[in-house]
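Structure first, commentary second.
The values are calculated or read from the model by the stated rules, or taken from the named source; none is laboratory data. None of the values given here were measured: they were computed from a predicted structure. Glycine gets a Cβ as well: all are built from the backbone with ideal geometry, and neighbour counts include every protein chain shown. For the accessible areas, the whole protein counts, side chains as well, though only heavy atoms, and no ligand, DNA or RNA atoms are used. Shrake-Rupley method; radii C 1.70, N 1.55, O 1.52, S 1.80 Å.
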Amino acid sequence: MYASREDIGYDFGDESKVGSKPIKPNPNIDGGWAWMIVFASFLVHILIMGSQMALGILNMEWLEEFNQSRGLTAWVSSLSMGITLIVGPFIGLFITMCGCRKTAIIGGILNALGWILSAYASNVHYLFLTFGVTAGIGSGMVYLPAVVMVGQYFQKRRALAQGLSTTGTGFGAFLMTALLKYLCRELGWRNAMFIQGAICLNLCVCGALMRPLSPKDVNEKYVVRSNSGDNQAKALSHSAETIKSNGVLSEEPANKEVVKNEEVLDDIKQIEIGGKSRIGKSMYGLRILKTVSQLTITVRKGFGIWYSSYFGAASLFTNRVFVAFIIWALFAYSSFVIPFIHLPEIVKQYNLSSQNNIFPLTSIIAIVHIFGKVILGIISDLPCISTWNVFLMANFTLVTCILTLPLMQTYISLAVVCALIGFSSGYFSLMPVVTEDLVGTKHLANAYGIIICANGISALLGPPFAGWIYDITHKYDFSFYICGSLYMVGILFLFMQPYIGKKQSQEKSTEEAQA
């Protein structure tokens, strides 16, 4: 029913299938320090995503404090959540130039600063800048490195590792909600935000734990994926192999430029040695020149790689399936948040408030969502299972639940559908794995940055779009049907790409054989 792993050219860590020579792995890959990376990513999801899931507590405090409309006040949390994801492509540039560790530490400081400055807000527009923009950018600078580092440290158990780390979102939602409720009740919302800012400084500790792999380990891991990419040209006319080969070719001028710049640095060193023997004062100026030259080289090289990934000959957009993946991401996240918006209305319409107060339907989604991430990760890591197939099955299950939820009229039926929504939405933990399989570890930061940017746009515009549909139709059902239908189109578009690419590749091979 679904495309096989050979059809889409995925590598699932089985080297015997790709004909590559066995490489002795680093003990920290799939073990050792890799689990510290998972722990650090878990804490990042608690502090970043968990805090954003609990912003409803602060939203009520802001409504009471500033006496503004609900729509205007809601934009504070929407900006924070949306910008966290939308800045993904630009954070990829920072990761390319500075690495994941430095990017995460800087982001942790920026996020904490946003929380602390927001404690002194005098109006909602002030919060737009301090919390929505400042804290949002800081969150993005920590979130993307946390996901990328897990992908770099794991080869065979990537889905399980990503699943475990992303469960921090669910745990964080419960912990941060309880914490912010207590702090707001006892100390007021301003002091609560100040304390939360201090807590978020722990993101710097999480960033410090993101110890980069040595270039040798990264190259060995990339070689395994490059070897598996040889079969991908048979499936897709614009495959990840094309990106990789183009990437290597496009780096040759950059390498020549680096060699030239290194020669300049050697000359500077020689001048510095001569300067020591002549005048001690010139050493300080030469050292500054040397530092500036090294920084210039790093920035130019990083920007060159980042630019080529998006706009050059090695552009990620030459991968047909990856482009379909982006289109899918534009519809996926908004469909997931629709139940959270309209479930209270459904419960009220069918007089189920008493049962829902005992065990809220949204809590069922959140709890089962945690288990869904881990279980889907374990299933995807089985040698006989394709991550791609699991990902598509989970998406089909989720969109089916979105389309059928308005038809449920009893608490039990709604609870079952909500449980399925929570479990199937666990595919979020597979998104970094699927992205890495499509483009390789080398391009993961830039590629996943684009994906979460598309999710951010969906998160930012999806809820207002659903509200707009409700205002026109005065029925919540149409929000589910329209958003669910758009989501289904994105899934089908993603589902058909491997087959289209395979057919075009076969036709091209037939034409070449006849010629």
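Miscellaneous remarks
- Only one of the numbered conditions (1) in contact with a Gly (Cβ under 9 Å, 6 or more places away or on another chain); (2) open to solvent by less than 40 Å² (accessible area, probe 1.4 Å); (3) modelled with pLDDT of 90 or more is violated by L127, and that is (1).
- Output for the stretch 90-102, where each listed residue is open to solvent by less than 20 Å² (accessible area, probe 1.4 Å) and out of contact with any Pro (no Cβ under 7 Å at 6 or more places or on another chain): I91, G92
- Checking each residue of the stretch 352-361 against the condition of being open to solvent by less than 40 Å² (accessible area, probe 1.4 Å) and at pLDDT 80 or above gives at least one match.
- G32 within 24 Å of I370 (Cβ to Cβ), more than 19 Å from the chain's Cα centre (by Cα) and open to solvent by 30 Å² or more (accessible area, probe 1.4 Å): no
So that you can scan it fast, the table gives a plain yes or no per residue for (1) touching a His at 6+ places or on another chain (Cβ under 7 Å); (2) assigned to a helix (DSSP H, G or I); (3) outside the structural domain of L164 (by the TED database); (4) more than 24 Å from W328 (Cα to Cα):
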position	(1), (2), (3), (4)
K348	no, yes, yes, yes
N351	no, no, yes, yes
N357	no, yes, yes, yes
I365	no, yes, yes, no
I375	no, yes, yes, no
L382	no, no, yes, yes
I385	no, no, yes, no
N389	no, yes, yes, no
M393	no, yes, yes, no
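- Note on the stretch 157-175: residues that are in contact with a Phe, Trp or Tyr (Cβ under 8 Å, 6 or more places away or on another chain) and not in a helix (DSSP H, G or I) amount to 1.
- Check on S51, at pLDDT 80 or above, in contact with a Gly (Cβ under 9 Å, 6 or more places away or on another chain), part of a helix (DSSP H, G or I) and not β-branched (V, I, T): yes
- Any hit, the stretch 38-45, residues being modelled with pLDDT under 85 and either assigned by the TED database to the domain that holds G207 or not β-branched (V, I, T) (or both): no
- Test for N446: is it touching a Pro at 6+ places or on another chain (Cβ under 9 Å) and either modelled with pLDDT under 80 or of a type in the set (S, T, N, Q) (or both): yes
- The stretch 130-154 - residue that is modelled with pLDDT of 90 or more and of a type in the set (F, W, Y) and, of those, farthest from C204 (Cα to Cα): F131
- From A178, A161, residue being open to solvent by less than 10 Å² (accessible area, probe 1.4 Å) and either free of Cβ contacts under 8 Å to residues at least 60 places away in the same chain or of a type outside the set (S, T, Y) (or both): A161
- Residue in the stretch 449-456 that is free of Cβ contacts under 8 Å to residues at least 60 places away in the same chain, touching a helix residue (DSSP H, G or I) at 6+ places or on another chain (Cβ under 6 Å) and not hydroxyl-bearing (S, T, Y) present: no
Matching residues to (1) over 20 Å from E436 (Cβ atoms); (2) open to solvent by 10 Å² or more (accessible area, probe 1.4 Å); (3) assigned by the TED database to the domain that holds I451; (4) among the β-branched types (V, I, T):
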residue: G140; (1), (2), (3), (4): no, no, no, no
residue: F154; (1), (2), (3), (4): no, no, no, no
residue: Q196; (1), (2), (3), (4): yes, no, no, no
residue: L201; (1), (2), (3), (4): yes, yes, no, no
residue: C206; (1), (2), (3), (4): yes, no, no, no
residue: R211; (1), (2), (3), (4): no, yes, no, no
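- Taken over the stretch 422-433, the criterion of being farther than 9 Å from L376 by Cβ and surrounded by fewer than 24 Cβ atoms within 10 Å (Cβ to Cβ) is satisfied by F428, M431.
- The stretch 53-79, residues that are closer than 21 Å to N202 by Cβ and either in contact with a Leu (Cβ under 7 Å, 6 or more places away or on another chain) or open to solvent by 20 Å² or more (accessible area, probe 1.4 Å) (or both): M53, A54, I57, L58
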